[in-house]
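Below: the structure, in structure tokens.
Each value in this text was obtained by applying a stated rule to the coordinates, not by laboratory testing. Not measured: the values here are computed from a predicted model. As a convention, Cβ positions derive from the backbone with ideal geometry for all residues, glycine included, and neighbour counts pool all protein chains shown.
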Amino acid sequence: MSKKQIKTTVNGVEHEILVDSTWTLLETLRDQLKLTGTKEGCSNGNCGACTVMVDGKSSCSCLVLAPEVNGREVTTVEGLADHGHLTPVQDAFVDNSGLQCGFCTPGFMIATTALLNDNPHPTENEIRLKLAGNLCRCTGYDKIVRSVQDAADRLSKA
Amino acid sequence: MPNFDYEAPTSLSSALELLARPGENRPLAGGTDVIDQLKSNRRNADLVVDLKRIPELLNIDSDDSGLTVGSAVSCTEVHNFTAEIGGFAALTESSELVGSVHIQNRASVGGNICNAAPSADTIPSLLIHEAVAHTASASGGREIPLIDFFAGPGQTVLEKGEILKELVLPAPSANTASAYLRFIPRNEMDIAVAGVGSLIEVDPSTNVVTKARIALASVAPTPVRAYVAEEFLEGTKIDADAIEKTADLAVGSAVPITDVRGSAEYRKELIRVLTKRTLTICLERLA
């Protein structure tokens, strides 16, 4: 088993850490950096519970090896709110009840933030298509879609 | 997960040197197939060589002669780039069908090829656009027409120490259109039960097809071309009747299995329907 020294910026904080070659980014975030907001669901890229941004692009952290993020910037759900002030995306999910058990929510926060960065005014079809990589077993998705639409409205007025 | 070492070389030559070493050395691009296969012990590795720090493998470029796609370029980048330049509609469409957005941001089109799944969505599009796989190894490289790249499910003709370097697609003529469609039981995030890519070049003064390329996914151990259908369509004046006949002939190139995703009979019927639809879309795009 070999270790790699990597330097990575997670939520704006630079970390110089020793990671095992075989660890996933998900394992490093949760077990090493104790950022447990990112969840493990299927661990094979289907459910999106582990979605984080790597250099601004949404990615399944279960399918990224930890040493791959050497020199990259990672954003997890913990990195969205600014000193306890929720982002418009987070506020919209709260106000529209876009969650029930909450397990999928960190992934939806990142996926929605990335979606609205790329496309500030998505149609309902685009929202459903672009968030298809995030599974929710509670809400039936309608409230999530409404939350995303509301988040888009809030961001465009901001 | 097997115990493997990880290296991220910054030059092609050092990557090739690492891959030529003894042992099971596995190239990594997006990793969306490889990492899952390693985790579930479906593939082994002593060394994983990350290709994403090698500039020429991350390059996507086009000029009058055609399109060059480095093997580590992500599906998202291929989609955005080809949507911008136009001319490769089937590839633009299929690169947006590989898993979710989060997968497309990481997965490379080159990896989709090297993973060699018969159901891979980008492969029929590349086949109809006559992609040539340029490989690299410590002893040189090869230029392999993509149709000759596949040896079976999950198997390519790449040898130890040899990697896919880039895909080169010739520029299509102005009177050319292409389209890719797959069938899945839901709207997104699924593996093709069957897929068809079609490309036609049509003489606008006569409506005679001067080039036809039809490629099929998920209906054979490797992606296949529907040669008999292509030969029939070339030299034929294109209309609804010609499209019907071509679609019937394409079914003959499908040798599917029955599995959890669909029966052999169902897949053959899908090939007929999807061939008809993709050719109809091509015709609409030419109008």
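A few notes on this one:
- Cα pair distances in the protein assembly as shown, grouped into 20 Å bins until the bin that holds the longest one, percent each: 25, 54, 21, 1
- Ranking of B:R21, B:R272 by count of other Cβ atoms within 10 Å, fewest first: B:R21, B:R272
- Between the helical axis of B:75-85 and the longest alpha-carbon principal axis of chain B there is an angle of about 50 degrees.
- Couplings 3J(HN,Hα) for segment B:174-187, derived from phi with the Karplus relation 6.51 cos²θ - 1.76 cosθ + 1.60 (θ = phi - 60°), are 5, 9, 10, 9, 9, 7, 10, 9, 10, 10, 9, x, 10, 8 Hz, where x marks Gly and Pro.
- Cα-Cα over 24 Å, subset of A:K3/A:K130; A:K7/A:K57; A:K4/B:K39; B:K39/B:K165; A:K3/A:K34: A:K3/A:K130; B:K39/B:K165
- Between 0 and 90 degrees, the angle of helix B:264-286 with respect to the longest Cα principal axis of chain B falls at about 70 degrees.
- Average projection, convex hull of the Cα set of chain A: 8.9 square nanometres.
- Chain A: relative contact order in percent, alpha carbon pairs under 8 Å with at least 6 residues between: 24 percent
- Over all Cα atoms in segment B:46-177, the spread is summed up by Rg and Dmax: 13.9, 49 Å.
- Built amide H within the under 5 Å cut-off of B:I60, gap 5+: B:G70
- Mean projected area of the convex hull spanned by the Cα atoms of segment B:5-48, taken over all viewing directions: 3.0 nm².
- Taking the square roots of five times each eigenvalue of the Cα gyration tensor of chain B, the equivalent ellipsoid has semi-axes of 33, 21, 16 Å, listed largest first.
- Segment B:176-286, relative contact order in percent, only Cα pairs under 8 angstrom and at least six apart counted: 29 percent
- Pair-distance distribution of segment A:3-76: all C-alpha pairs, bin width 10 Å, starting at 0; shares per bin in whole percent are 22, 61, 17, 0.
- Note on B:N187 and B:V255: the extension gain reaches 21.9 nm, defined as 0.36 nm multiplied by sequence separation minus the Cα-Cα distance.
- Legend: mean number of C-beta atoms from other chains within 10 angstrom of residue C-beta atoms, peptide B:2-11, equals 4.
- Fewest-first ranking of A:E27, A:E40, B:E93, using other Cβ atoms within 10 Å as the exposure measure: A:E40, A:E27, B:E93
- In order through segment A:64-77: 3J(HN,Hα) via Karplus (6.51 cos²θ - 1.76 cosθ + 1.60), integer Hz, x for Gly, Pro: 10, 7, 3, x, 5, 8, 4, x, 9, 9, 10, 10, 10, 4
- Arranged from fewest to most other beta-carbon atoms within 10 Å of their beta carbon, B:H79, A:H83, A:H121, B:H102 become A:H83, A:H121, B:H79, B:H102.
- Length released on extending from B:D148 to B:S205, taking residue separation times 0.36 nm less the Cα-Cα span: 17.0 nm
- Amide N proximity, segment B:88-125 versus B:A264 label position 7 Å along Cα-to-Cβ, cut-off under 20 Å: B:118-119
- Contour minus Cα-Cα distance for A:E78 and A:N44 (0.36 nm per residue): 10.0 nm
- Shape annotation for segment A:88-157: C-alpha extents along the principal axes are 29, 23, 18 Å, from largest to smallest.
- Using θ = phi - 60° and Karplus 6.51 cos²θ - 1.76 cosθ + 1.60, couplings along segment B:154-161 (whole Hz; Gly, Pro as x): x, 10, 10, 8, 4, 9, 4, x
- 5 angstrom amide H check on B:L67, placed H, neighbours 5+ away: B:L169, B:A171
- Close amide H contacts of B:V48 (hydrogens built in the peptide plane, cut-off under 5 Å, sequence separation of 5 or more or a different chain): B:D5, B:Y6, B:E7, B:R26.
- Kirkwood Rh in Å, taken over all unlike Cα pairs in segment B:176-286: 13.8 Å
- The angle between the Cα long axis of helix B:240-251 and the main principal axis of chain B comes to about 40°, on a 0 to 90 degree scale.
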